[in-house]
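Colleague: First the structure, which I've put down as structure tokens, then a few questions once you've had a look.
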Amino acid sequence: MSIPASPYELLVQSVTDYAIYMLDLEGRVASWNPGAERIKGYTADEIIGEHFARFYTPEDRAAGVPQRALETAAATGRFTAEAWRQRKDGSRFWAMVVIDPIRRDGELVGFAKITRDMTEQREAQLALLETERRFRLLVQGVVDYAIFMLDPDGIVTNWNSGAERIKGYAASEVVGKHFSTFYTPEDQEAGIPARTIETARRTGHCQAEGWRVRKDGTPFWAGVALDAIRDEDGVLIGFAKITRDLTERREAQLALERSREQLFQAQKMEAVGSLTGGLAHDFNNLLTGISGSLELMRSRLAQGRIGEIERYITVAQNAASRAASLTHRLLAFARRQTLDPRPIDANRLVSDMEDLVRRTVGPEIAVEAALAGGLWPTLCDPNQLENAVLNLCINARDAMPQGGRLTVETANTWFDERSAGERGVRPGQYVAVSVSDTGTGMTPEVVARAFEPLFTTKPSGRGTGLGLSMIYGFAQQSGGEARIYSEVGIGTTVRLYLPRHLGDVAEEKGSTAGPLAHGRGQGRTVLVVDDEASVRALVADVLGELGYHVVEASDGVSGLRVLESRTPIDLLITDVGLPGGLNGRQVADAARRTRPALKILFVTGYAENAAIGHAHLEPGMHVLTKPFAVDRLASRVETILAEA
Ligand code: ADP
Ligand code: MG
């Protein structure tokens with residue numbers, strides 16, 4: 001059979017991707033193109049006139065598939081199939097087949113056949129399906145992570161076994177629900193789910209840790225990651241969400257923080273104990289100064305030598321203010337404070353402590369402060385830095401039982417890559433605070449272990465081995481370092497490197513009130529509640545002097561009686577520890593019930609602070625710590641009353 005060389009033939013003969021050929025009515029091959037030769041492996045000479053059934057697998061042939069294909073094409077006008085076919089060499093390929101009947105003048109004369117080799121595509125598709133299947137199995141099988149998807153509106157679209165385990169919902173319960181279901185009511189109220197999705201939409205990713213709620217209502221601490229999924233055109237398809245239950249880790253972390261805080265507190269109290277020993281002696285001296293002066297004043301008065309009294313007043317006053325400032329520092333130091341880093345002037349901190357240190361270490365040890373001019377500010381918790389310096393001073397004292405020299409030094413320090421490498425610190429600018437002594441020194445073995453918690457060479461009862469380990473932890477936590485330089489028989493330097501803070505140190509606010517002036521309190525009434533008659537009288541005197549009207553009460557119950565009367569009261573000044581079953585805080589709380597705007601000033605020593613509940617002081621409530629200077633009281637009262 002010869003086919004005229006038409007443009008169609010040329011076209012067909014140039015196609016190599018498709019086998020395009022004709023069959024006669026019986027199914028014998030009538031034409032052949034290069035595509036057919038390439039795909040099936042027969043040349044035109046070999047195949048023309050042969051029956052097309054040979055392209056089928058033996059199984060298909062046995063089942064009569066070739067014949068049915070032609071019948072279907074003839075009857076319906078088209079036959080299509082995807083199936084295995086066989087090449088000349090017996091190998092198989094995945095064929096996409098189309099058979100069309102050819103009619104001339106309405107009469108069937110043969111068939112046009114187009115076959116494509118789809119083996120590669122099929123394999124790729126199968127591979128894809130397989131990966132998808134495995135991935136699905138993988139995701140489904142993960143029990144440690146909740147892995148699920150959200151549509152662009154935040155509706156859950158699928159759910160794995162980890163999600164079921166962690167959140168407690170079965171897939172059937174949760175698919176179709178909004179993912180905010182998993183958030184706490186407070187977080188929902190605060191709009192956190194919406195913000196999370198918005199962030200993931202905008203930046204592609206959102207990560208968070210927080211409390212989430214299980215189906216049974218119990219909370220768990222979740223580590224959450226949300227990734228936006230977009231198609232090739234950048235259209236948002238949804239979000240992949242991975243959630244981990246980190247409750248245990250969180251609890252361990254909280255426990256660690258708590259124990260660290262407790263450790264800090266315990267260690268601080270140890271230092272306070274150690275300081276108090278040294279101070280007690282000093283206090284006796286100060287008290288002697290005061291009582292001695294009083295005695296002398298009495299005898300001078302009796303002798304009528306009034307002109308000399310002024311001198312003794314000054315002596316007594318100096319001793320008293322010295323004692324007050326020492327107690328104050330000690331109490332401030334012992335007081336529990338939240339650890340918060342602030343810009344610090346280390347020079348000021350050291351010089352504020354100098355007196356305390358000097359009195360603690362005793363007269364055999366000479367204390368010297370070598371403070372650098374132009375010292376940079378540093379960023380750390382002042383309470384901890386103070387604690388660190390005091391501990392180093394106590395260590396220095398312990399190392400110099402026969403006396404010696406203790407030097408506290410500050411310096412600006414800058415490490416380039418090399419010098420930082422030599423000292424094992426990060427390159428950069430630091431404020432160095434060092435405490436040096438001329439004491440026993442340490443052997444290299446002791447230096448190597450000195451920062452270890454609980455390492456001590458001191459007899460039990462004298463050392464706990466916590467000082468240096470806390471100092472080390474503090475330096476690390478502040479982004480700095482601690483180093484020991486020591487030689488046996490010569491002495492020791494412990495140096496803290498604290499990172500330079502680029503910025504200013506906030507000025508501490510001093511007293512803003514001017515000198516005592518009469519008449520400032522005109523027309524105001526202050527209720528003073530204190531069981532200590534002398535304190536009450538002192539406060540009443542000072543305020544009366546300034547023109548305030550003062551009402552006094554000696555315990556909580558009588559104070560409250562005044563507050564429940566119709567007497568106008570502008571300010572309540574009350575001690576916290578009071579006899580008679582009502583403490584100052586309870587008096588204040590009861591008074592606020594009838595006088596909600598009442599201004600309150602608690603006057604307290606450290607021991608009672610817990611009763612006020614410092615952290616929860618309501619607006620209009622203030623605290624003044626004992627001992628206080630008279631003008632400080634006056635200025636506080638004035639400031640409080642001036643507040644809106
Ligand atoms: P503690 O003072 O309770 O023993 P520290 O952690 O403060 O605990 O110090 C650990 C050890 O390091 C001390 O027991 C001592 O052996 C040694 N040490 C610390 N500071 C000095 C110092 N200035 N001179 C000599 N040895 C010191
Ligand atoms: Mg110590």
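The values are calculated or read from the model by the stated rules, or taken from the named source; none is laboratory data. No experiment lies behind these values; they were computed from the predicted model shown. Positions of Cβ are backbone-derived with ideal geometry, glycine not excepted, and every protein chain shown enters the neighbour counts.
Colleague: Hey, Ser554 hits all of (1) surrounded by 23 or more Cβ atoms within 10 Å (Cβ to Cβ); (2) polar (S, T, N, Q); (3) over 22 Å from Ala597 (Cβ atoms) but one; which does it fall short on?
Modeller: (1)
Colleague: Please give the number of the condition Leu392 fails out of (1) within 16 Å of ligand 2 (Cβ to nearest atom); (2) surrounded by fewer than 23 Cβ atoms within 10 Å (Cβ to Cβ).
Modeller: All conditions are met except number (2).
Colleague: Would you confirm whether or not the stretch 444-453 contains a residue that is of a type in the set (A, V, I, L, M), within 15 Å of ligand 2 (Cβ to nearest atom), outside any strand (DSSP E or B) and farther than 26 Å from Thr378 by Cα?
Modeller: yes
Colleague: What are the residues in the stretch 378-404 that are in contact with a Phe, Trp or Tyr (Cβ under 6 Å, 6 or more places away or on another chain) and within 14 Å of ligand 1 (Cβ to nearest atom), if any?
Modeller: Across the stretch 378-404, the qualifying residue is only Ala388.
Colleague: Any residue in the stretch 462-484 that's over 20 Å from Pro377 (Cβ atoms): show its pairings with residues that are basic (Lys, Arg) at Cβ separation under 6 Å, as long as the two are six or more apart or on different chains.
Modeller: Arg483/Arg495
Colleague: Further question: Taking the stretch 39-97 as the region of interest, how many residues are out of contact with any strand residue (DSSP E or B) (no Cβ under 8 Å at 6 or more places or on another chain) and among the hydroxyl-bearing types (Ser, Thr, Tyr)?
Modeller: Number satisfying all stated conditions: 4.
Colleague: List the helices (runs of 4 or more DSSP H) inside the stretch 519-596, counting only whole elements, that have at least 1 residues being outside the structural domain of Lys626 (by TED's automatic domain parsing). Show your work before the answer.
Modeller: Details: elements: 533-545, 556-564, 584-594.
The helices (runs of 4 or more DSSP H) meeting that bar number zero.
Colleague: Filter the stretch 26-52 for residues that are under 16 Å from Asp100 (Cα atoms) and either of a type outside the set (Phe, Trp, Tyr) or not assigned by TED's automatic domain parsing to the domain that holds Ser91 (or both) and give the result. Talk me through it step by step, then tell me what you get.
Modeller: Restricting attention to the stretch 26-52, the residues satisfying the condition of being under 16 Å from Asp100 (Cα atoms) are 26-32, 52.
Hits for the stretch 26-52 are Glu26, Gly27, Arg28, Val29, Ala30, Ser31.
Colleague: Suppose we keep only residues that are among the aliphatic types (A, V, I, L, M) and either at pLDDT below 85 or in the same structural domain as Ser325 (by TED's automatic domain parsing) (or both) within the stretch 604-622. Which one would you say is farthest from Pro568 (Cα to Cα)? I'd like the intermediate steps shown before the answer.
Modeller: So the first thing to find is which residues in the stretch 604-622 are among the aliphatic types (A, V, I, L, M), and the list is 607, 610-612, 615, 617, 621.
Narrowing the set further to residues that are either at pLDDT below 85 or in the same structural domain as Ser325 (by TED's automatic domain parsing) (or both) leaves 607, 610-612, 615, 617.
Details: Ala607: 32, Ala610: 30, Ala611: 27, Ile612: 24, Ala615: 29, Leu617: 23 Å.
Top of the filtered list is Ala607.
Colleague: Assess whether Met470 counts as being buried (at least 19 other Cβ atoms within 10 Å of the Cβ) and part of a loop (DSSP other than H, G, I, E, B). It would help to see each step written out before you state the result.
Modeller: On the way: buried (at least 19 other Cβ atoms within 10 Å of the Cβ): yes; part of a loop (DSSP other than H, G, I, E, B): no.
It is false that Met470 is buried (at least 19 other Cβ atoms within 10 Å of the Cβ) and part of a loop (DSSP other than H, G, I, E, B).
Colleague: Moving on. Determine which member of the set Val408, Val361 is at pLDDT 95 or above, buried (at least 18 other Cβ atoms within 10 Å of the Cβ) and in contact with a strand residue (DSSP E or B) (Cβ under 8 Å, 6 or more places away or on another chain). Don't jump to the end; show me each part of the working.
Modeller: Details: Val361 fails: at pLDDT 95 or above.
The unique qualifying residue is Val408.
Colleague: Among the residues of the stretch 248-305, write down those that are over 28 Å from Leu390 (Cα atoms) and small (Gly, Ala, Ser).
Modeller: Selection gives Ala252, Ser291, Gly292, Ser293, Ser299, Ala302, Gly304.
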